[in-house]
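Input: a single structure, listed below in C-alpha cells.
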Amino acid sequence: MSHPCVVTLERDSAPRVLFSGDRLVEVDLPAGSRCIYPKPTLSPLKDVDAAIRYAINHPENSEPLYAKLKPGMKVTILIDDISLPLPPMRRPDARERVLTIVLELLADYGVDDYELIVATGIHRKMRDWEIRHMVGDRIFDAYWPERLYNFDAEDCDNIVRIGQTDHGEVIEVNRRAAESDLIIYVNLNLVPLDGGHKSLMCGITNYRTLRQHHNPDTIGTCPSYMEPKTSTLHQSLWRMGRVTNKTLNVFTIETTINNRMFDESLWFLAKNEDELSLREKVLLKGLVEATKHLPQPARQAIFDKFPAPYGVTGVNAGETEAVHVKTVAKINEQYLVPIEGQSDVVVFGVPYIMPYNVHCYMNPLLVSCLTEGYFHNLHVGAPIVKKGGTMILTHPCSDKFDYEQHAAYIPFVHKILPETRDPHEIRRKYEEEWAADPAFIQMYRNGCAYHPAHAFFMWYWGENGRKHVGRTIVVGADNEYIPKLLGWETAPTMDEALYMARGGERRSLDVTYMKIPPINMADVRVGTGQGN
C-alpha cells in the first residue's frame with residue numbers, strides 16, 4: 001500500500017514548483033513520476049516548560065540534574081550554534097526555554113561558577129544579535145560577553161587533550177569544559193545527523209580533532225549520515241564521545257521540533273500543488289513571478305523575513321546515548337516516508353538556505369555540500385537513486401560568495417577545484433597548509449568567517465554522494481563554468497535534463513522528486529516496487 005505522502009503524477013497534474021536558490025520555478029515532470037511530500041506536522045507539546053522540567057528531573061540512565069548540583073562547583077553550559085534549526089526559530093527558541101530553567105536550577109542550588117559557551121567548533125562565530133535571538137534578552141543581557149561567548153577552536157591556550165580512543169583518535173576540547181565539575185549540553189536536534197556525541201565532539205573541539213573523522217575515507221564510506229548506527233562518521237564520534245563521557249561529567253538535554261518551517265503566510269509552499277486552494281494557487285503563482293523579477297537581496301529577504309514557527313515535539317535529558325535514541329525516534333516520526341524501491345533519477349529543488357549560509361548567499365561549494373552531501377543522505381535503508389543513477393537539481397550555481405563568512409571558500413573553488421576534484425589529493429596537497437593560513441585564521445578568530453579547514457570539509461561532505469551518483473545535471477544554471485568545476489552538467493530545461501538522463505534514447509525512466517523544504521526523509525525499501 002502506498003503512503004499518503006507518496007504521489008504518482010498523472011498527465012493532467014499541475015506543474016511542480018521547485019526552489020532554485022531564492023527563486024521559485026515551475027517544472028513539468030513526466031507522468032508516472034513519483035513525488036515524495038513532507039509528512040503532516042506533528043502536534044507540539046502543550047507545555048514545553050513542564051516537559052523540560054520533567055526531562056531533567058526524570059532523565060535517561062542518569063540521576064536528576066538537581067542531584068548533580070552542589071554549591072561551589074564549576075559548571076559549563078554548551079549551546080548549539082546558528083547552523084540549526086533552518087531557518088532560525090521564532091522566539092522563544094527552544095534553547096532559551098531550556099537555559100532559563102537550567103539557570104534557575106543552578107541558582108536554587110547555590111551554583112554561581114558557570115559559563116555559557118556557544119559550541120561553534122570551526123563554524124563562524126555567532127554575532128551578538130544572533131545569540132540574543134537564540135538565548136533571549138534576559139540571558140543575553142545578564143551574561144554577554146563575559147560569561148556567554150563563542151567557542152574559539154584556535155585559542156590554543158584554552159584547548160586541552162583529554163584522551164584517545166582505541167582507534168588512536170586523539171580528543172582535544174575546550175579547557176573550561178574539561179576542567180568543569182559538570183557539563184550541560186543544550187541541544188536542538190533538527191535531523192538524525194545532529195546531537196548525541198556529535199554535539200560535544202564537533203562543538204568544542206579543534207581542527208586536529210575534527211580532521212580524524214571529517215575526511216574522505218570516513219565520509220566516503222557512510223551508508224547515510226542519517227543512520228547513526230551504521231554511519232562510519234558516527235562510529236568515530238561515538239568512540240570519541242564515550243571516552244569523553246568517561247572522563248567528564250556530561251548531562252545532555254536534547255529537544256526536537258516539528259517541520260513547521262514556513263510561516264502561515266508561506267505554508268502553501270509545503271503542500272502538494274494538486275491540492276492547493278484557488279487562493280493558494282494565486283499566491284504561489286505570484287511568488288513565482290516575484291522571485292523571477294526581483295533582485296537577489298529582495299528575493300532572499302522574502303524568506304528571511306519570517307522566522308520559522310517550529311513547535312517543540314519532545315524533550316529528553318540525561319546520559320548522551322540513551323537520550324539520543326529517543327531523540328532520533330521522534331525525528332524519524334516527523335520525517336520518514338516509506339517508499340518502495342529506488343529510481344533511475346532523483347530530482348531536488350535546491351533552496352536558499354543550508355546550515356552554513358544563514359543570513360548570507362549560498363555559494364557554489366555549499367550547493368555541492370547540500371545536494372551531494374545532505375540531500376543525497378536524506379534516507380535510511382538505501383539511497384533514493386540507484387547506484388550510477390542521475391541527480392537533477394534546480395539552482396543558478398552563481399559564482400557568488402559572501403566575502404566575510406566564506407573567504408577561504410573562494411580560492412578553494414577557483415584555485416584547487418580547477419586542478420583536481422579528488423578529495424584524497426586535495427587533502428594530501430592542501431588541507432593542512434590552508435588550515436593554518438594566518439590571514440584566514442585571523443578572520444575566523446576576530447571576524448565572522450568560517451575556519452579555513454571548513455571549505456575542505458564541505459567538499460568531503462559530498463563524497464559519498466559523488467561516489468554513488470553517476471551524473472548530476474543542473475537545470476537553470478546562469479553559467480557553465482561553476483557546474484563544470486563541480487563535475488556537473490547543465491541543461492536549460494527539465495525536459496532537456498531528462499532527455500540527457502535517458503542518454504538520448506526513448507527508454508522510460510523511473511523518476512522520483514523529493515519536495516524540500518520542509519525537511520523530508522525517505523525510508524527506501526529495496527526489492528519491491530519502483531525501480532526494481
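The values are calculated or read from the model by the stated rules, or taken from the named source; none is laboratory data. Everything numeric in this text was worked out from a predicted model, so none of it was measured. Heads up, the Cβs are rebuilt from the backbone with ideal geometry, glycines too, and the neighbour counts pull from every protein chain shown.
Key figures for this structure:
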read-out	value
Residue count, segment 353-371 (criterion: more than 15 Å from A408 (Cβ to Cβ) and within 13 Å of the chain's Cα centre (by Cα))	7
Subset of segment 301-334 [within 17 Å of W267 (Cα to Cα) and not charged (D, E, K, R)]	A301, I302, F303, F306, P307, A308, P309, Y310, G311, Q334
Qualifying positions in segment 264-296 - in a loop (DSSP other than H, G, I, E, B) and either on the phi > 0 side of the Ramachandran plot or not basic (K, R) (or both)	N272, L276, S277, L294, P295
Single unsatisfied condition, P396 versus (1) more than 21 Å from K467 (Cα to Cα); (2) out of contact with any helix residue (DSSP H, G or I) (no Cβ under 8 Å at 6 or more places or on another chain); (3) surrounded by 24 or more Cβ atoms within 10 Å (Cβ to Cβ)	(3)
Only one of I253, I257, I302 that is under 27 Å from N357 (Cα atoms), touching a Phe, Trp or Tyr at 6+ places or on another chain (Cβ under 6 Å) and aliphatic (A, V, I, L, M)	I257
Criterion (touching a Phe, Trp or Tyr at 6+ places or on another chain (Cβ under 6 Å) and not small (G, A, S)) met by exactly one of P338, P295, P351	P351
Residue among G373, G389 that is at pLDDT 95 or above and in contact with a strand residue (DSSP E or B) (Cβ under 6 Å, 6 or more places away or on another chain)	G389
Residue list for segment 493-509, restricted to those being within 28 Å of the chain's Cα centre (by Cα) and not hydrophobic (A, V, I, L, M, F, W, C)	none
Which listed residue is of a type in the set (A, V, I, L, M, F, W, C), in contact with a helix residue (DSSP H, G or I) (Cβ under 8 Å, 6 or more places away or on another chain) and within 24 Å of P228 (Cβ to Cβ), from V325, V380, V346	V380
Residues of segment 1-34 satisfying the condition of being under 27 Å from P364 (Cβ atoms) and part of a strand (DSSP E or B)	R16, V17, L18, F19, S20, R23, L24, V25, E26, V27
Condition broken by S83, with the remaining ones in (1) surrounded by 14 or more Cβ atoms within 10 Å (Cβ to Cβ); (2) touching a strand residue (DSSP E or B) at 6+ places or on another chain (Cβ under 9 Å); (3) assigned to a loop (DSSP other than H, G, I, E, B) satisfied	(2)
Residue satisfying all of: in segment 39-54; among the charged types (D, E, K, R) and more than 17 Å from L188 (Cβ to Cβ); surrounded by the fewest Cβ atoms within 10 Å (Cβ to Cβ) among these	K46
Every residue from segment 484-503 that is among the aromatic types (F, W, Y) and either assigned to a loop (DSSP other than H, G, I, E, B) or touching a helix residue (DSSP H, G or I) at 6+ places or on another chain (Cβ under 8 Å) (or both)	W488
Restricting segment 479-521 to residues that are among the aliphatic types (A, V, I, L, M) and touching a Gly at 6+ places or on another chain (Cβ under 8 Å), the residue that is farthest from V347 (Cα to Cα)	I516
Residue in segment 428-446 that is farthest from K415 (Cα to Cα), counting only those that are touching a residue at least 60 places away in the same chain (Cβ under 8 Å) and out of contact with any helix residue (DSSP H, G or I) (no Cβ under 6 Å at 6 or more places or on another chain)	R445
1 or more residues small (G, A, S), touching a residue at least 60 places away in the same chain (Cβ under 8 Å) and surrounded by fewer than 22 Cβ atoms within 10 Å (Cβ to Cβ): qualifying helices (runs of 4 or more DSSP H) within segment 89-179	175-178
Flag for A453 being assigned to a helix (DSSP H, G or I) and over 21 Å from L233 (Cα atoms)	no
Subset of segment 411-420 that is crowded, with 16+ Cβ neighbours inside 10 Å and touching a Leu at 6+ places or on another chain (Cβ under 9 Å) - its residue that is farthest from P452 (Cα to Cα)	L417
Cβ-Cβ under 8 Å pairs, at least 6 apart or on other chains, segment 302-321 side without any contact (Cβ under 8 Å) to a residue 12 or more places away in the chain, far side not in a loop (DSSP other than H, G, I, E, B)	none
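Here is a yes/no grid of residues against (1) assigned to a helix (DSSP H, G or I); (2) in contact with a strand residue (DSSP E or B) (Cβ under 6 Å, 6 or more places away or on another chain); (3) over 28 Å from S224 (Cα atoms):
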| position | (1), (2), (3) |
| --- | --- |
| E433 | yes, no, yes |
| M443 | yes, no, yes |
| W459 | yes, no, no |
| I473 | no, yes, no |
| N479 | no, no, yes |
| I482 | yes, no, no |
| E505 | no, no, yes |
| A522 | no, yes, no |
| G527 | no, no, no |
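Yes/no per residue for (1) within 30 Å of Y499 (Cβ to Cβ); (2) surrounded by 18 or more Cβ atoms within 10 Å (Cβ to Cβ):
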site: Q405; (1), (2): no, yes
site: P423; (1), (2): no, yes
site: E431; (1), (2): no, yes
site: A439; (1), (2): no, no
site: A449; (1), (2): no, yes
site: F457; (1), (2): no, yes
site: I482; (1), (2): yes, yes
